[in-house]
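Peer 1: Dropping the structure in here first, questions after.
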Amino acid sequence: MSSRSPSGNSDSNVNLVAVGDVQPNRSHPETLFELVQPQLDWGDLRLCQLEATLSARGTMRSDVRNPAHRVDPRNIAALTAAGFNVVTFAGNNNLDYGLEAFDDTISLCEENGITVVGAGANLAEATQPVFTTVKGTKIAFVNFCSILRDGFAATPTRGGISPLRVATFYQPLENIYEQPATPAKTVTVVDRDDMKTVTDSIESAGAAADVVVAAFHWGVHFTHDLADYQPEVAYKAIDAGADLVIGTHPHCLQAVDVHKGKLIFYSLGNFAFEQPEASAQSGVREYLSFYGLPNDPDLAQHPHPAHCRLTVLVKIEIVRGEVRSARLVPVYFNKDAQPEPLEAGMEMHEEVSNLLETLSSEIGTSLERDGNELMVHTTKQRAVDTRAFIDERAMSYPWLAHLVNGSDGKPALRASEVER
């Protein structure tokens, strides 16, 4: 790990707001975040994962089986009206329409004062950290993606996203000769060279910044369960000097973890996610059928299952160049597909809070309710190594059964009722 030698004057406090996957697509995009604007305005810096390309150009790739994610460029107004300063763009849909739409999106963001990380004109550009200085505190962002189709990763001579490749294997739970067709655990192995690129990028960022935020597009979509490589990568990122780890892609909430006093948000879920353009919507039901999950029955504008409407906004306080505290604001998509903050005592506030408490407490992380928010403690309540916790788990994705058995697309059991 490189020694930290920040260049800024980090005496001031900086507020960072982070949210998960964002895909706006509406006639008046500036209205998308209006209900959470006060919470967004708390931040001096606002970060989201941009899940779609904003372009009218390009041709949809023929091998894209899930919905191709391109929306009209007018939707940049959703980001600018909300005041997002940084978007992570190492995502698995950002080359669905080729390099034309990909390049258009990066240019459009930059023209509107939004910094893009995790993508670029070549591998060096895609994997390098980006920096921003707020109130004298220099903050670096790095962003990598493990959800990769052929041709999406940047190369030394071609544009694309920053790759963190992961190989998948299946380990039978019993002797397959004695017990044919035995269930299997899913085992993953992170590419050694890509992991080194991640840690090198973090170390480089740490040598020049007061705070390093490492963002990863990873995991298995639609389940609250962690893939075994997620904590492995997160812990290595923190060991290399990351002060905060933020995960996206699963489209639903996952646990909050702590390693060496540093916070890990494995998945912030969808924060605002609307249907892509009409020509791409035919694949929605097909790719959800792989998991036995229905579309959201109550919100046609939302392309994912109903449990993906439970989300959070994270308020992170940086004090003198150190991530000092984090609070979670429970949020729910309303009938107009707008993220809406929830108040304590509301049924959906209880759903979000119970879910996060359940997922996080089993790996030792304590969340404390404080009014409408959940305060995250940077010291674990119990000493749990999440890597070992997942390795000792018999079945890889126990939450999926509970989600699939909810016939209305909602979890069959509340978080507090699930037996783990």
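The values are calculated or read from the model by the stated rules, or taken from the named source; none is laboratory data. It should be emphasised that the depicted structure is a prediction, and the values quoted were computed from it without experimental measurement. Positions of Cβ are generated from backbone atoms using ideal geometry, with glycine treated the same way; all protein chains shown enter the neighbour counts. Surface accessibility is based on the protein's heavy atoms, side chains included, excluding ligands, DNA and RNA. Shrake-Rupley method; radii C 1.70, N 1.55, O 1.52, S 1.80 Å.
Peer 1: Keeping to the stretch 245-278, report how many residues are farther than 18 Å from GLY364 by Cβ and of a type outside the set (Gly, Ala, Ser).
Peer 2: Here the count works out to 14.
Peer 1: Regarding the stretch 22-30, can at least one residue be identified that is open to solvent by less than 50 Å² (accessible area, probe 1.4 Å), within 27 Å of ARG324 (Cα to Cα) and at pLDDT 95 or above?
Peer 2: First, the residues of the stretch 22-30 that are open to solvent by less than 50 Å² (accessible area, probe 1.4 Å): 22-26, 29.
If we keep only those that are within 27 Å of ARG324 (Cα to Cα) as well, we get 22.
Subset that is at pLDDT 95 or above: 22.
For the stretch 22-30, residues open to solvent by less than 50 Å² (accessible area, probe 1.4 Å), within 27 Å of ARG324 (Cα to Cα) and at pLDDT 95 or above: present.
Peer 1: Restrict the check to the stretch 65-85 and report whether at least one residue is more than 20 Å from ASP150 (Cα to Cα), part of a helix (DSSP H, G or I), modelled with pLDDT of 95 or more and within 18 Å of the chain's Cα centre (by Cα). Full working, then the answer.
Peer 2: Let us first name the residues in the stretch 65-85 that are more than 20 Å from ASP150 (Cα to Cα), namely 71-85.
Cutting the leftovers down to part of a helix (DSSP H, G or I) gives us 73-82.
Still in the list and also modelled with pLDDT of 95 or more: 73-82.
Now restrict to residues that are within 18 Å of the chain's Cα centre (by Cα): 79.
Among the residues of the stretch 65-85, at least one is more than 20 Å from ASP150 (Cα to Cα), part of a helix (DSSP H, G or I), modelled with pLDDT of 95 or more and within 18 Å of the chain's Cα centre (by Cα), which makes the answer yes.
Peer 1: Continuing with the same structure: Any chance the stretch 163-186 includes a residue that's closer than 30 Å to GLY43 by Cβ and crowded, with 20+ Cβ neighbours inside 10 Å?
Peer 2: yes
Peer 1: If you check SER416, SER407, which single one turns out to be modelled with pLDDT under 95, more than 20 Å from the chain's Cα centre (by Cα), over 27 Å from GLU34 (Cα atoms) and not in a loop (DSSP other than H, G, I, E, B)?
Peer 2: Working: SER407 fails: not in a loop (DSSP other than H, G, I, E, B).
Among SER416, SER407, only SER416 is modelled with pLDDT under 95, more than 20 Å from the chain's Cα centre (by Cα), over 27 Å from GLU34 (Cα atoms) and not in a loop (DSSP other than H, G, I, E, B).
Peer 1: Now, a different point. Would you point out which residue out of ALA68, ALA154, ALA140, ALA124 is under 18 Å from GLU274 (Cβ atoms) and of a type in the set (A, V, I, L, M, F, W, C)? Steps first, please.
Peer 2: On the way: ALA154 fails: under 18 Å from GLU274 (Cβ atoms); ALA140 fails: under 18 Å from GLU274 (Cβ atoms); ALA124 fails: under 18 Å from GLU274 (Cβ atoms).
None of the other options fit; the residue is ALA68.
Peer 1: For the stretch 197-225: of the residues being within 19 Å of GLY91 (Cβ to Cβ) and among the aliphatic types (A, V, I, L, M), which is surrounded by the fewest Cβ atoms within 10 Å (Cβ to Cβ)? Steps first, answer last, please.
Peer 2: To start, the set of residues in the stretch 197-225 that are within 19 Å of GLY91 (Cβ to Cβ) comprises 197-198, 201, 213-223.
Still in the list and also among the aliphatic types (A, V, I, L, M): 198, 213-215, 220.
Values: VAL198: 26, VAL213: 28, ALA214: 30, ALA215: 29, VAL220: 21.
That would be VAL220.
Peer 1: Output the residues belonging to the stretch 31-87 that are open to solvent by less than 10 Å² (accessible area, probe 1.4 Å) and of a type in the set (S, T, N, Q).
Peer 2: Listed by number, the residues that qualify are GLN49, THR53, SER55, ASN75.
Peer 1: Of the numbered conditions (1) open to solvent by 30 Å² or more (accessible area, probe 1.4 Å); (2) over 30 Å from SER325 (Cβ atoms); (3) of a type in the set (Asp, Glu), ASP194 fails exactly one; give the number of that condition.
Peer 2: It fails just one condition, (1).
Peer 1: Check ALA126 against each of (1) buried (at least 23 other Cβ atoms within 10 Å of the Cβ); (2) in contact (Cβ under 8 Å) with a residue 40 or more places away in the chain and name the one condition it does not meet.
Peer 2: Every listed condition holds for ALA126 apart from (2).
Peer 1: Considering only residues that are open to solvent by less than 50 Å² (accessible area, probe 1.4 Å) and over 28 Å from ARG382 (Cα atoms), which ones fall in the stretch 336-363?
Peer 2: Once the filter is applied, which keeps residues that are open to solvent by less than 50 Å² (accessible area, probe 1.4 Å) and over 28 Å from ARG382 (Cα atoms), the stretch 336-363 yields ALA337, GLN338, PRO339, PRO341, LEU342.
Peer 1: Can you report the number of residues in the stretch 362-378 which are assigned to a loop (DSSP other than H, G, I, E, B) and over 17 Å from TYR266 (Cα atoms)?
Peer 2: 2
Peer 1: Do the conditions hold for ASN93, that is, is it at pLDDT below 95, under 25 Å from ALA121 (Cβ atoms) and assigned to a loop (DSSP other than H, G, I, E, B)? Steps first, answer last, please.
Peer 2: On the way: at pLDDT below 95: yes; under 25 Å from ALA121 (Cβ atoms): yes; assigned to a loop (DSSP other than H, G, I, E, B): yes.
When the stated conditions are applied, ASN93 passes them.
Peer 1: Return only the number of the condition from (1) out of contact with any strand residue (DSSP E or B) (no Cβ under 8 Å at 6 or more places or on another chain); (2) open to solvent by less than 50 Å² (accessible area, probe 1.4 Å); (3) within 24 Å of SER204 (Cβ to Cβ) that ALA154 does not satisfy.
Peer 2: The single condition ALA154 does not satisfy is (1).
Peer 1: Looking for something assigned to a loop (DSSP other than H, G, I, E, B), touching a Gly at 6+ places or on another chain (Cβ under 8 Å) and within 24 Å of ARG324 (Cα to Cα) - is there at least one such residue anywhere in the stretch 131-151?
Peer 2: The answer is yes; a qualifying residue exists.
Peer 1: Looking at the stretch 181-205, I want the residues that are within 16 Å of GLU232 (Cα to Cα) and in contact (Cβ under 8 Å) with a residue 12 or more places away in the chain and have a partner that is open to solvent by less than 20 Å² (accessible area, probe 1.4 Å) and of a type in the set (Phe, Trp, Tyr) with Cβ atoms under 9 Å, at least 6 apart or on another chain. Which pairs are those?
Peer 2: Taking only residues 6 or more apart or on different chains, the pairs are THR188/TYR229; VAL189/TYR229; VAL190/TYR229; ASP194/PHE144; THR197/PHE144; VAL198/PHE144; VAL198/PHE216.
For (1) among the polar types (S, T, N, Q); (2) modelled with pLDDT of 95 or more; (3) over 19 Å from the mean Cα position of the chain (by Cα), each residue gets a yes or a no:
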position: ARG327; (1), (2), (3): no, yes, no
position: MET346; (1), (2), (3): no, yes, yes
position: HIS349; (1), (2), (3): no, yes, yes
position: ASN354; (1), (2), (3): yes, yes, yes
position: GLY364; (1), (2), (3): no, yes, yes
position: ALA388; (1), (2), (3): no, yes, yes
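Peer 1: Failed condition for VAL142, given (1) out of contact with any strand residue (DSSP E or B) (no Cβ under 7 Å at 6 or more places or on another chain); (2) within 17 Å of ALA208 (Cα to Cα), with all others met?
Peer 2: (1)
Peer 1: Looking at this structure, is VAL384 crowded, with 22+ Cβ neighbours inside 10 Å and either outside any helix (DSSP H, G or I) or in contact with a Cys (Cβ under 7 Å, 6 or more places away or on another chain) (or both)? Write out each step before concluding.
Peer 2: Numbers: crowded, with 22+ Cβ neighbours inside 10 Å: no; either outside any helix (DSSP H, G or I) or in contact with a Cys (Cβ under 7 Å, 6 or more places away or on another chain) (or both): yes.
In short, no.
Peer 1: Do we have PHE131 as open to solvent by 60 Å² or more (accessible area, probe 1.4 Å), out of contact with any His (no Cβ under 9 Å at 6 or more places or on another chain) and of a type in the set (Phe, Trp, Tyr) here? It would help to see each step written out before you state the result.
Peer 2: Values: open to solvent by 60 Å² or more (accessible area, probe 1.4 Å): yes; out of contact with any His (no Cβ under 9 Å at 6 or more places or on another chain): yes; of a type in the set (Phe, Trp, Tyr): yes.
The answer is yes for PHE131.
Peer 1: A further question on this structure: Taking PHE144 as the residue in question, decide whether it is touching a residue at least 40 places away in the same chain (Cβ under 8 Å) and open to solvent by less than 20 Å² (accessible area, probe 1.4 Å).
Peer 2: yes
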